[in-house]
Amino acid sequence: GQSLEQPSEVTAVEGAIVQINCTYQTSGFYGLSWYQQHDGGAPTFLSYNALDGLEETGRFSSFLSRSDSYGYLLLQELQMKDSASYFCAVRGRNSGGYQKVTFGTGTKLQVIP
Amino acid sequence: GAVVSQHPSWVICKSGTSVKIECRSLDFQATTMFWYRQFPKQSLMLMATSNEGSKATYEQGVEKDKFLINHASLTLSTLTVTSAHPEDSSFYICSAKDTWGNQPQHFGDGTRLSIL
């Protein structure tokens, strides 16, 4: 099966940098995604890593190490609006051989002034 | 970027009613769409994978007769919650992936279902 671990809560100061880690277990790895979800809203896609290394998109970067089954989301120049839950999601293969995406339990980020 | 439209965004209805939720991919073809349920302060739980032109694949513990899924075209999947009861009240979210390439999923805005 598939499983993911990420911290449940993180607090950081406005303007700072925060890193949210994610470790996963899966069969047949295809990629690791990150999503942001504000309270009451639907998830929005942030980034996707299929290969090792760092992907940068504006203030957000995501890193993947397939050998370590590990990734992280890096948020720079934190803004109050970044307060939200962040989910990592791994795309792997289920027991039937089909691709399946499993979400982590989410990390609630609180940005404080 | 890819856009997924989900409708309705909010439903309140009486117990025993059947509710249909639509999920459309607006600017891409989606052979596969996914239906999730999310309870307050919890993660997204995959309910089923909807495949165009074939039967949906349901996750363990999800009742096929309770949650009917139809994926009649490459841009539309529907989820019908049959004879809904208060315990079915939840946030239902669909997502879709472009048929071509190894692309991530994009989510609809979700449907908040409240059964009285």
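The values are calculated or read from the model by the stated rules, or taken from the named source; none is laboratory data. On a predicted model such as this, the values are computed, not experimentally measured, just so you know. Heads up, the Cβs are rebuilt from the backbone with ideal geometry, glycines too, and the neighbour counts pull from every protein chain shown. Surface accessibility is based on the protein's heavy atoms, side chains included, excluding ligands, DNA and RNA. Shrake-Rupley method; radii C 1.70, N 1.55, O 1.52, S 1.80 Å.
If you go through segment A:72-109 and keep only what is within 14 Å of another protein chain (Cβ to nearest Cβ), in contact (Cβ under 8 Å) with a residue 40 or more places away in the chain and open to solvent by 60 Å² or more (accessible area, probe 1.4 Å), you end up with A:Arg93, A:Ser95, A:Gln99, A:Thr105, A:Lys108. So in segment A:49-71, with the set limited to residues that are open to solvent by 40 Å² or more (accessible area, probe 1.4 Å) and outside any loop (DSSP other than H, G, I, E, B), which one is modelled with the lowest pLDDT? Result: A:Thr57. Filtering segment B:8-46 to residues that are open to solvent by 30 Å² or more (accessible area, probe 1.4 Å), under 18 Å from B:Asp88 (Cβ atoms) and part of a strand (DSSP E or B) leaves B:Trp10, B:Ile12, B:Lys20, B:Glu22, B:Arg37, B:Met45.
Every condition in (1) over 22 Å from A:Gln2 (Cβ atoms); (2) under 12 Å from the mean Cα position of the chain (by Cα); (3) not hydroxyl-bearing (Ser, Thr, Tyr) is met by B:Ile93 except one, and the failing one is (1). For the structure I just gave you, tell me whether A:Ser85 is out of contact with any Cys (no Cβ under 6 Å at 6 or more places or on another chain) and outside any loop (DSSP other than H, G, I, E, B). When the stated conditions are applied, A:Ser85 passes them. If I filter segment B:73-80 for residues that are within 10 Å of the chain's Cα centre (by Cα), in contact (Cβ under 8 Å) with a residue 40 or more places away in the chain and over 28 Å from A:Trp34 (Cα atoms), do I get at least one hit? Yes, segment B:73-80 contains at least one residue that is within 10 Å of the chain's Cα centre (by Cα), in contact (Cβ under 8 Å) with a residue 40 or more places away in the chain and over 28 Å from A:Trp34 (Cα atoms). Screening A:Val90 with (1) farther than 22 Å from B:Ala48 by Cβ; (2) not in a loop (DSSP other than H, G, I, E, B); (3) not hydroxyl-bearing (Ser, Thr, Tyr) gives one miss only, at (1). Just wondering, is there one or more residues in segment B:45-56 that are within 12 Å of chain A (Cβ to nearest Cβ) and among the β-branched types (Val, Ile, Thr)? Checked against the condition, which is being within 12 Å of chain A (Cβ to nearest Cβ) and among the β-branched types (Val, Ile, Thr), segment B:45-56 yields at least one hit.
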